[in-house]
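Heads up, the thing below is written out as structure tokens.
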Amino acid sequence: MHAEDVGLTTAEYDRIVKLMGREPNDVELGLFGALWSEHCSYKNSKGLLKRLPNRGPHVVQGPGANAGVVALDDQYELAFKVESHNHPSYVEPVQGAATGVGGILRDIIAMGARPMAVADMLRFGRDGHSVKLLEGVVSGVGQYGNAIGIPTVTGDVAFADGYAKNPLVNVLALGIRRREHAIGAASARPGQLLVLLGQRTGRDGIHGASLLASRDFEAGSEDLRPTVQVGDPFLGKLLMEVTLAAVHGGLLGALQDLGAAGLTSAVAELCYSSEVGAELELDRVPLREPGLSSYDIMLSETQERMLLAVEESRLSDLTQLADQHELLCSVIGRVVPGSELTIRHHAEVVAHLDAQWLVGEAPQRPVDDALWMSFGAPVQEPEVPAAAPKLSVALLLKVLGNSDVRDRKPIYRQYDSMIQTNTVRGPEGETAVLRVRGSRAGIALAVSGPARWAAVDAYAGGQGAVLAALTRLAAVGAEPLGMTDGINAGNPDKADSYGAMAALIRGIADAAEAAQVPVTGGNVSLHNETDGRAIWPTVMIGAVGRLVNPEHPLAETWTQSGQHLYLINPSPLDWGGSAAQIMQDGEPGAMLRPDLAGAVRAMTAVAHWARQDQAMALRAVAAGGLGATLVRMMASGNPAVGADIRLGETRPEEKTLRLFNESPVQWVAVVEPHHREALESHFGERGVPVLPLGTVTDEALLQIDERYRWARIDLLQAWRHPYEEEPS
Amino acid sequence: MSVRIGVVTFPGSNCDHDTLWALDELGAETAPIWYRTEDLDHWDGVVLPGGFSYGDYLRSGALAAKAPVLGALRAAVQTRSLPVLGICNGFQILTEAGLLPGALRPNRHGQFRCEWDTVRVVEQSPWFPGLTVGMRLRLPIAHAEGSYYVPSGQLGALFQSGEAWLQYVDDAGRLSPSINPNGSIANLAGVQRGSVAALMPHPERAMASYLGSDDGRRLLGAWVKGVSQEAIHAR
Amino acid sequence: MPEFHAVVTVILKPEILDPAGEAVKGVLQHMEFPIGDIRIGRHIQLTVDAPDAGEAARLVQRMADEVLANPVMELARVRVRVEQ
């Protein structure tokens, strides 16, 4: 076997020989190939990710573990992370998406937390095949999440041609644990037994990490596609229950899930984080079919498996627990002092190396400081914003039917969003709100990732994604605790793709720094590139916040006529990168760089306002801008009322920009007439501009500046368009 | 005297804890029942909760219907009219086990569906004191196989015998085919036979207005009351 | 054009995990059936208009490859009844 067979370069091979002081055998080479792959080692992105702020008063576990952890209150902690399953979902959408959900759930469980929410962030092309992929992916997300019993409470979907052959399937999971149940991979001690729990090992997805997820797709690359993995949510559920029962019973020393690169990665990560070595007996690994080689067993990506480190005295309790659930539980080795990993199979040592080399010595691309600094440079804003058409009745209807803007219900109604009975606000809202039984604190969860903003200026897009997620948390008055980032980009060996990813990360870093919200973990998926065509640099941000009184979060829409509407923190008149601008021009323009200081001021003021009694409702301006946001408010509110809007702008082109710009950090606020003054002074005192928008009327109409009128039913019909077809 | 209600956990059940919580809220004395149990003497009432028992593999409920606890359940229903409530997957299991008539087929549109629906009480039941005919309840559904089916010719008997229990209706209480979420025959959302009743919607998720509705509390509350009255009578 | 009856059997490739089969097997074992192996697939009956049986088989094979089965993980076996 050669270096390139396992996806390594000659230079990397030479480094391995130097570390080992000899040539690696095939098994050892396979271990290096898996763990030094882009997918496992983050070799092109780790340096950049280190520059994201990751500390904060609520952070319990920062990046590097299976998931980040923040404190919710003095009893409970939240583990959360986003993960991608892009390449497998293109090959087999149902199973690719399903195993993606299963994988991120096991990451959360591996922190000793019980998963309580899932969010899906999806990107597809606009061709016929993409519709099939969408159907398959949504079905797969639902199949796993619904069956294992974790609600999918929010999500995000968008479409662009560049995703046709590289769809993105990023899934965020959030779990909860009591402080005393904290566990992870870092607490294994010499003498403990290594136990493999769950599914029998088969030839599933061998080389998924090193080849499938770490190379571009090219025409004729079918041969590279290994056996796909099949998710089994039923077994996943049993595995979750046994693992969490073992954690709660204090049976475990350490815990690590098996994901990409299977047993290899799990053992190496456990050894690395616990600073121990391990001895493995592959003959004791239960197999699904005979004849698996040492190499296959070590690299199989069979799903629904966990690696546990257990004191010998606790083994019988664990076995009893597993037996009760009819789950396989096999001692496959032992934790030893030092850092050496010894693997035996058929009475022979098939691999012997230092586990530190696999993780700690993985190559890393250094960050070019000059490149990093270059992204922050101010850009010359155009004096005249991009040309926009005159506002018309037809224009709003057209924007509402845009695939990035329209109602996401055809997707989310296929997901169970209510199981566990904690969902106070689910996917119908901009921000999910969950109560926590046994705590006064609740959880707000918001996701955002409008890559169209990053298409031209990835730095601005990175900032925008962070701000948009935090804007949604502010709308329910939640205090941000932390964020997770799912980064998706093209081939890092190409300067353009790498530069775009670096700019995106710098944007995330600057916005997170300004808002003082740490990024506690995330995922990077590179090589989203087919036939030389890369996706837009795409980040999916998931933001987690704490709110008091979660049973009664601030409403997202009006209730009766006479109420007044305001646009909080109105953006300059520029719609670059918005869904409407792309519809108009055919390709994305540059997004206006956010004003970070102003954004943070506005978010703080809004979160504060949201907790006041005078606040009636607040809704973050989202895809499709103010125009679509008003329609969403109309759709979810009292069907007998409408809104009479007066825009300050006089020219019809300016009205278009006001209605359809998607600048983050804007909200529509609803107040009773006698609280107008309170609202104006609240924001006035905090230096946040507000724009009176008009009033709620007792007609089921949206009316703008008296000239433009839409019946509620026409707006809803345009917005609730199924995904099968683009309206003409 | 507190009423003792057990909730069966099959492998893959995932609404068992939600249901236990809901029954606790209603003051019942509750505990989970493991699916391999063959003794149900302790219980005044038993709930088969929602979820994906055995992953819903083969047919929803088909594999759980062969579990040891079902044998005990059947015997207790026959000998002492044990009150049993099936919710979602529990309904599927009860039809597969032959304790309720009919079958639950994949939704007509072929998709899993999670949404709020309204159901109307078709028939008064002694096990649900206070749930009167015509009463409407707003409850969530979450299932892929909830299209209730009985062979042609048996539908009339179902209504005549009082076994048709709940129907999906629109906001005004009308039986409109357009609001039928899954293609169920005659918009049926729940059926009953003797001491056994089941429904596809999830009352345990509708225990408070902040969760969307508290009509589930009314339904489960009525059942707990019914079970309790029967238990007093029996002891 | 004549109409041919065809049956397509879709089954997971041998090396692919069959969670449904495993779950059913477990229950059958509990019921003390002497069960060995089990694989669960799909049985699809259809009719197709074609000039002859050979063309019918080719058409159904294409349906199997392109829609009815995912060749990444499944095998499809096509049978066309010779009598129309």
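The condition (being free of Cβ contacts under 8 Å to residues at least 60 places away in the same chain and open to solvent by less than 10 Å² (accessible area, probe 1.4 Å)) is satisfied by just one residue among A:L470, A:L445, A:L504, A:L434: A:L504.
Restricted to region B:122-235, the set of strands (runs of 3 or more DSSP E) holding at least 1 residues that are at pLDDT 95 or above and in contact with a His (Cβ under 9 Å, 6 or more places away or on another chain) comprises B:136-143.
Taking the condition surrounded by fewer than 24 Cβ atoms within 10 Å (Cβ to Cβ) and at pLDDT 95 or above, does A:E513 pass? I'd like the intermediate steps shown before the answer.
On the way: surrounded by fewer than 24 Cβ atoms within 10 Å (Cβ to Cβ): yes; at pLDDT 95 or above: yes.
Yes, satisfied.
Applying a threshold of 8 Å to beta carbon distances and a minimum spacing of six or more residues, or different chains, the list of pairs starting in region B:60-73 at a residue that is among the charged types (D, E, K, R) and ending at one that is in a helix (DSSP H, G or I) reads B:K66/C:V27; B:K66/C:H30. Taking the conditions exactly as written (away from chain A (no Cβ under 14 Å), touching a Phe, Trp or Tyr at 6+ places or on another chain (Cβ under 6 Å) and over 23 Å from B:P106 (Cβ atoms)), does B:G173 satisfy them or not? It is false that B:G173 is away from chain A (no Cβ under 14 Å), touching a Phe, Trp or Tyr at 6+ places or on another chain (Cβ under 6 Å) and over 23 Å from B:P106 (Cβ atoms). Screening A:A534, A:A597, A:A543 for residues that are open to solvent by 30 Å² or more (accessible area, probe 1.4 Å), touching a residue at least 24 places away in the same chain (Cβ under 8 Å) and either under 30 Å from A:D644 (Cα atoms) or not assigned by TED's automatic domain parsing to the domain that holds A:S636 (or both) leaves exactly one candidate, A:A534. In this structure, B:N89 does satisfy being open to solvent by less than 10 Å² (accessible area, probe 1.4 Å) and not acidic (D, E). Scanning region B:8-28 for residues that are out of contact with any Lys or Arg (no Cβ under 8 Å at 6 or more places or on another chain), within 14 Å of another protein chain (Cβ to nearest Cβ) and under 21 Å from B:E230 (Cβ atoms), we see that the one that is surrounded by the most Cβ atoms within 10 Å (Cβ to Cβ) is B:T19.
Report, by residue number, each residue of region B:114-124 that is out of contact with any Ser or Thr (no Cβ under 8 Å at 6 or more places or on another chain) and more than 17 Å from B:D170 (Cα to Cα). First the steps, then the outcome.
Our first condition is that a residue be out of contact with any Ser or Thr (no Cβ under 8 Å at 6 or more places or on another chain); within region B:114-124, this holds for B:115, B:117-120, B:122-123.
If the condition is that a residue be out of contact with any Ser or Thr (no Cβ under 8 Å at 6 or more places or on another chain) and more than 17 Å from B:D170 (Cα to Cα), then B:E123 is the only one that fits.
C:A76 fulfils the conditions (1) open to solvent by less than 40 Å² (accessible area, probe 1.4 Å); (2) farther than 22 Å from C:H5 by Cα; (3) among the hydrophobic types (A, V, I, L, M, F, W, C) except for a single criterion, (2).
Name every residue in region B:115-134 that is open to solvent by 60 Å² or more (accessible area, probe 1.4 Å) and touching a residue at least 60 places away in the same chain (Cβ under 8 Å), in order of residue number.
From region B:115-134, those open to solvent by 60 Å² or more (accessible area, probe 1.4 Å) are B:116, B:120, B:123-124, B:126, B:132-133; that's our starting set.
Of everything in region B:115-134, those that are open to solvent by 60 Å² or more (accessible area, probe 1.4 Å) and touching a residue at least 60 places away in the same chain (Cβ under 8 Å) turn out to be B:W116, B:E123, B:P126.
Of all residues in region A:103-111, at least one satisfies being crowded, with 24+ Cβ neighbours inside 10 Å, of a type outside the set (S, T, N, Q) and within 14 Å of chain B (Cβ to nearest Cβ). Candidates are the residues of region A:1-38 that are closer than 22 Å to A:R344 by Cα and among the β-branched types (V, I, T); the one that is most open to solvent (accessible area, probe 1.4 Å) is A:V17.
Residues in region A:122-132 that are farther than 20 Å from A:A446 by Cα and either within 13 Å of chain B (Cβ to nearest Cβ) or open to solvent by less than 10 Å² (accessible area, probe 1.4 Å) (or both): A:F124, A:G125, A:S130. Could you go through region A:160-182 and let me know if any residue there is farther than 30 Å from C:E66 by Cα and either of a type in the set (D, E) or at pLDDT below 95 (or both). Yes.
When A:V349 is tested against (1) surrounded by fewer than 16 Cβ atoms within 10 Å (Cβ to Cβ); (2) assigned by TED's automatic domain parsing to the domain that holds A:T243; (3) in a helix (DSSP H, G or I); (4) not acidic (D, E), exactly one condition is not met: (3).
In region A:133-142, how many are within 10 Å of chain B (Cβ to nearest Cβ) and either surrounded by fewer than 24 Cβ atoms within 10 Å (Cβ to Cβ) or in contact with a His (Cβ under 7 Å, 6 or more places away or on another chain) (or both)? Give the steps one after another, and end with the answer.
From region A:133-142, those within 10 Å of chain B (Cβ to nearest Cβ) are A:135, A:138-139, A:142; that's our starting set.
Of the ones still in play, those that are also either surrounded by fewer than 24 Cβ atoms within 10 Å (Cβ to Cβ) or in contact with a His (Cβ under 7 Å, 6 or more places away or on another chain) (or both) are A:135, A:139.
So the count comes out to 2.
For a quick check of your reading of the model, give me the residue pairs whose first member lies in region C:20-33 and is among the aliphatic types (A, V, I, L, M), whose second is open to solvent by 80 Å² or more (accessible area, probe 1.4 Å), with beta-carbon atoms closer than 7 Å and at least 6 apart or on different chains. Correct list of pairs: C:A20/B:L58; C:V24/B:L58; C:V27/B:K66; C:M31/B:K66.
For B:A31, state whether it is under 21 Å from A:E241 (Cα atoms), aliphatic (A, V, I, L, M) and within 11 Å of chain A (Cβ to nearest Cβ).
On the way: under 21 Å from A:E241 (Cα atoms): yes; aliphatic (A, V, I, L, M): yes; within 11 Å of chain A (Cβ to nearest Cβ): no.
It is false that B:A31 is under 21 Å from A:E241 (Cα atoms), aliphatic (A, V, I, L, M) and within 11 Å of chain A (Cβ to nearest Cβ).
Looking only at residues of region A:688-717 that are among the small types (G, A, S) and outside any loop (DSSP other than H, G, I, E, B), we find that the one that is nearest to A:H608 (Cα to Cα) is A:G694.
Restricting attention to region B:92-112 and to residues that are within 14 Å of chain A (Cβ to nearest Cβ) and buried (at least 19 other Cβ atoms within 10 Å of the Cβ), the residue that is farthest from B:L23 (Cα to Cα) turns out to be B:N107.
The values are calculated or read from the model by the stated rules, or taken from the named source; none is laboratory data. Quick caveat, the model's predicted, so the values are computed rather than measured. Backbone-built Cβ (ideal geometry, glycine too); neighbour counts: all protein chains shown. Note: areas computed on protein heavy atoms with side chains; ligands, DNA, RNA excluded. Shrake-Rupley method; radii C 1.70, N 1.55, O 1.52, S 1.80 Å.
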